[in-house]
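The values are calculated or read from the model by the stated rules, or taken from the named source; none is laboratory data. These numbers were taken from a predicted model, which means no experiment stands behind them. Note: ideal-geometry Cβ built from the backbone for every residue, glycine included; neighbour counts use all protein chains shown.
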Amino acid sequence: MDIDWLAASEEERKRLYAVTRDVGKILNMSVEQVMDAALGRTAPIGTDYVANFRKGKIRRSFAKLIYEWIAEQHVDLGRKYEESWFPQTNTDAWGDYVEKHGLRGQLQIKRFTKDELNLIKKVKDRDTPDATLKLCEEFCFFLRADANVHAIGFERYKAKWHVMPLGENGSPTFQLQRDEPHFPIGASGAIERLNEESDLDMHRFAFVVSQNANDLPHKPDIKDIGQDTKLHYVDVFFSA
């Protein structure tokens with residue numbers, strides 16, 4: 001749904017306030033901080049501007065800038081709270097497939113703390129990330145398998161999917177061992193540590209597993225996935 005923010009109604013601006021507040025909570029930013037980021041701190045916003053925003057009385061030109069900031073910087077978060085305002089620019093068939101057929105809650109993130117692995121948290125709310133990590137914080141994945149299986153991982157960031165090279169020598173495929181649910185595992189048999197160095201915001205990690213390696217997709221494409229597979233995903237928010 002396209003909105004002409006320069007002609008937006010009070011109700012639409014009230015809804016934008018709610019989206020701004022909810023996105024800000026995940027980003028650990030106040031409404032004021034989101035407004036500062038969107039408006040560049042130079043706009044003469046006057047007094048009681050947050051109260052006016054909450055009532056839907058914010059200037060339409062400011063509403064336009066705030067919407068555009070969310071759409072450009074945090075579109076995945078915006079889509080969680082007002083999907084019709086933040087449509088996907090291209091048909092994301094793989095993303096839709098993960099959302100509809102993927103299992104959430106079994107694939108987990110574990111943080112390295114003083115050389116110990118700690119589960120961050122379990123899924124409580126579909127509108128919140130499964131885990132929150134800081135940039136450069138070390139982590140690994142955790143997924144229990146009934147038998148030794150072949151796997152491949154994909155990562156989505158800002159609506160684009162990428163293959164994850166978690167196998168030996170940068171291979172995209174690897175084996176998940178029944179007796180070792182942590183991964184990736186290095187050539188020495190030790191758990192390898194992962195971290196995100198620079199890309200803030202929400203990331204989705206999706207793993208396809210199968211006892212038959214030929215069933216694994218080689219890229220994020222629904223035409224490439226075999227029938228005897230399981231798909232698991234986890235949403236992780238990386239903060240500064």
What is the number of the single condition among (1) more than 17 Å from GLN106 (Cα to Cα); (2) within 22 Å of the chain's Cα centre (by Cα) that HIS182 does not meet? (1)
Of all residues in segment 145-173, how many are within 19 Å of LEU216 (Cα to Cα), of a type outside the set (A, V, I, L, M, F, W, C) and surrounded by fewer than 12 Cβ atoms within 10 Å (Cβ to Cβ)? 4
From the residues in segment 116-139 that are modelled with pLDDT of 90 or more and not in a strand (DSSP E or B), which one is nearest to ASP76 (Cα to Cα)? LEU135
Surrounded by fewer than 17 Cβ atoms within 10 Å (Cβ to Cβ) and farther than 22 Å from ASP199 by Cα: which single residue out of GLU72, GLU10 fits that description? GLU10
